[in-house]
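Asker: Below is the structure I would like to discuss, written out as structure tokens.
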Amino acid sequence: MTPSLNSLRPMAASSKTASRVLNVNVGLLGHVDSGKTSLAKALSTLASTAAFDKHPQSQVRGITLDLGFSALRVPLPPALAGLRLDGHDDGTPDICSGTTSGNDTGDHPGKEDESGLLTVGDKYDEIQFTLVDCPGHASLIKTIIGGASIIDIMVLVVDAKAGFQTQTAECLVIGELTADTLMVALNKIDLFPEEKRASKVAKMTKRVAATLKPTAFANSDILPVSASSGDGLSDLVDALTAAVRLPTRNEAEDAFLFAIDHCFQVKGQGTVVTGTIQRGSVAVGQTIEFPALGLSKKVKSMQMFKAPVERAVQGDRLGICVAQLNAKLLERGLACAPGTIRAVSAAVVRVSRIPYFRGEIKSRAKFHLTVGHETVMATLQFFRSVGPGEDPHGLASTASSSSAASSSDAASAADSAPHPAHVFSYDDEYLDVSELEGPEAYPTGSTTYAVLELESPVLCAPDAMIIGSRLDSDVDGNVCRLAFSGSLVAPFDSDTPWALKIFRVKAKGTDPGVYTGLKVVSAANGGIGVIQGRFGASNKMNVFFSGGGQTDARAAVTLHYRKYVYPDPSVTATFVQPDLVDPTL
């Protein structure tokens, strides 16, 4: 017998329990018409001002066009209640990204475990799952990415009759980039005839498991449900509850950052911005900044799902009321601690290719770049760090056999040793990358980066996540439009680009006279010669080998030099050569 929905919601929302609620954000993603909004309705006991397709066009068109927010609450399970707190100064634990609303009045005296530390059950009575209902239509991928950036657990909603579809696959890719935990809700099982339901569900479950096998979510739960009849909903809630973990958070150290998804006026009160705290904490009376407007406002009051709170922390879904802010000027965006967020028009990002993208990702190409809720066009210049033991000029092959063997042994040892992650620095030199490929294309220990030059500035945190995509691709085509992902690592000044030393290695076998005075390497034995000029009126060159290295006047020589992607206008030298050692001397 299917449990009633009331059994899933044993505690009603109230201001009394709001202070002892652990918030966890759950993203509902999937293909259009897979039943995400219906599932959110079936699960939810609390609706926000933006829930269940309240967007006027959503009601007209019958599909979700914007993010929707609602919630359900469940008792804190004994296994979680018994965990120790993690030692925060204020006694506040961190579970998923949600924590406490900060209103604990001290009515619950501390209970210590045998080690003397407080337990989670001392601070919380309930878990609140905030359901983030993301649109499924392909043209709304920007909204989907923005919604995924604030979730802790992802529920991939799959139509049990249709299986994986194009946007289902794209949502799975987004999940790999943004979520640590994923489970599949195999929805609409009530559409199967009852006598065939078990076999049909088993067959689709097997297909979904095969699709997940090569991904980061190979062992994820696959839960048959029906939003319409209520079948399987209790199992889904149990799985969500079991997925809650206890990670480390630093709310006291991180500056406040708030992702705004809606803004509206409340007569006689002020303007309310709703959203999710991505970092830090906020309290009534605190001054916050709206960087897009260049305004700072004091927090008048706050609510979490209609319950007033005095303080909220990372992961909490929140409404913040401020005075004298024109709601028409702000729909989506960021609020933050004053002075912590700035507009970025160019930046250096650490990037990696999304393996499901089939197209080329070339330097100087333009891609759509999504940062939070904002998407702009950006021009890319890829580059990478020099790997440990790597010879970027390819000179090892031209050295003597003993030197080459020594170099090969060193490179082999370097490859087998563990490599710390590369830390970006403007003091280093980097290799130009003409096309971004998978990690197997680069030496072990090399990190790929990109310079992003945006067509219009975006507001973002210093280490914000970015996703590059081809949103101009055919939305009905069976292709992944998400090309690469990464995070900001450093600012980039377009006025002085030469501060970033990215070089291309040039190796030419023929030589016009402009290369007089440069060194060349003999293909025969690695001997080093100096170009002395043209030989007569022809294109032949005079090369002097001080070690007598070149025995055949017609043997090939190679000229190695660097050409910087962003040349310094104050440097007159046209060519930069590596240090060359002559093995014949």
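FYI, it's all coordinate maths here, none of it is from the lab. Keep in mind the model is a prediction, meaning the values are calculated, not measured. With ideal geometry, Cβ positions are generated from the backbone for all residues, glycine too; neighbour counts draw on all protein chains shown.
Asker: Using the Karplus equation 6.51 cos²θ - 1.76 cosθ + 1.60 (θ = phi - 60°), what ³J(HN,Hα) coupling, rounded to whole Hz, does each residue of segment 372-389 give in order, writing x for Gly and Pro?
Answerer: x, 8, 9, 10, 9, 7, 9, 9, 10, 10, 8, 7, 8, 7, 6, x, x, x
Asker: Let me know the charge dipole size of segment 257-340 about its Cα centre in debye, to the nearest 20, where only the beta-carbon of Lys, Arg (+1) and Asp, Glu (-1) is charged.
Answerer: Details: 10 positive and 5 negative charges, 34 e Å.
Dipole of segment 257-340, to the nearest 20 debye: 160 debye.
Asker: So, one more: Fully extended, how many nm does the chain gain between THR215 and GLN265 (0.36 nm per residue separation, minus their Cα-Cα distance)?
Answerer: Details: separation 50, 0.36 × 50 = 18.00 nm, distance 4.39 nm.
Separation in residues times 0.36 nm, less the Cα-Cα distance, equals 13.6 nm.
Asker: Counting only residues 5 or more places away or on other chains, whose amide H sits under 5 Å from the amide H of PHE305 once H atoms are built in the peptide plane?
Answerer: GLY319
Asker: On to the next question. List, in order, the whole-Hz ³J(HN,Hα) value for each residue of segment 275-289 obtained from phi through the Karplus relation with A = 6.51, B = -1.76, C = 1.60 and θ = phi - 60°; use x for Gly and Pro.
Answerer: In residue order, the calculated couplings are x, 10, 6, 8, 8, x, 8, 8, 9, 4, x, 7, 8, 10, 10 Hz.
Asker: Also, quick follow-up: Multiply the residue separation of SER199 and ALA490 by 0.36 nm, subtract the distance between their alpha-carbon atoms, and state the gained length in nm to one decimal.
Answerer: On the way: separation 291, 0.36 × 291 = 104.76 nm, distance 5.36 nm.
Answer, rounded to one decimal: 99.4 nm.
Asker: Quick check on my link table: of LYS213/LYS362; LYS362/LYS501; LYS362/LYS563, which ones sit more than 22 Å apart, alpha carbon to alpha carbon? Walk me through the numbers on the way to the answer.
Answerer: Details: LYS213/LYS362 30 Å; LYS362/LYS501 19 Å; LYS362/LYS563 19 Å.
Beyond 22 Å: LYS213/LYS362.
Asker: Given H placed on each backbone N at 1.01 Å, which residues far from VAL386 in sequence or on other chains put an amide H within less than 5 Å of it?
Answerer: LEU431
Asker: At 7 Å along Cα-to-Cβ for each site, give me the label-to-label distance between GLN286 and ASN326 in nm.
Answerer: 2.8 nm
Asker: Grab the other residues whose beta carbon is less than 14 angstrom from that of ALA323, score K and R as +1, D and E as -1, and report the net. Intermediate results must be reported in sequence, preceding the final value.
Answerer: Details: positive: LYS267, LYS297, LYS298, LYS300; negative: none.
Charge balance in the 14 Å sphere: +4.
Asker: Kindly flag which residue pairs out of LYS161/LYS200; LYS41/LYS188; LYS41/LYS123; LYS297/LYS328; LYS41/LYS267; LYS267/LYS306 have an alpha-carbon separation exceeding 20 Å in this structure. Kindly include the intermediate steps, with their values, before the conclusion.
Answerer: Values: LYS161/LYS200 9 Å; LYS41/LYS188 14 Å; LYS41/LYS123 29 Å; LYS297/LYS328 16 Å; LYS41/LYS267 28 Å; LYS267/LYS306 16 Å.
Check vs 20 Å cut-off fails for LYS41/LYS123; LYS41/LYS267.
Asker: List the residues, sorted by chain then number, that are 5 or more residues from VAL225 or on another chain and whose placed amide H is less than 5 Å from its amide H.
Answerer: LEU186, ASN187, LYS188, ILE189
Asker: For segment 524-538, just list the computed ³J(HN,Hα) in residue order, Karplus coefficients 6.51, -1.76 and 1.60, θ = phi - 60°, integers in Hz, with x standing in for Gly and Pro.
Answerer: 6, 9, x, x, 9, x, 10, 6, 9, x, 6, 9, x, 8, 8
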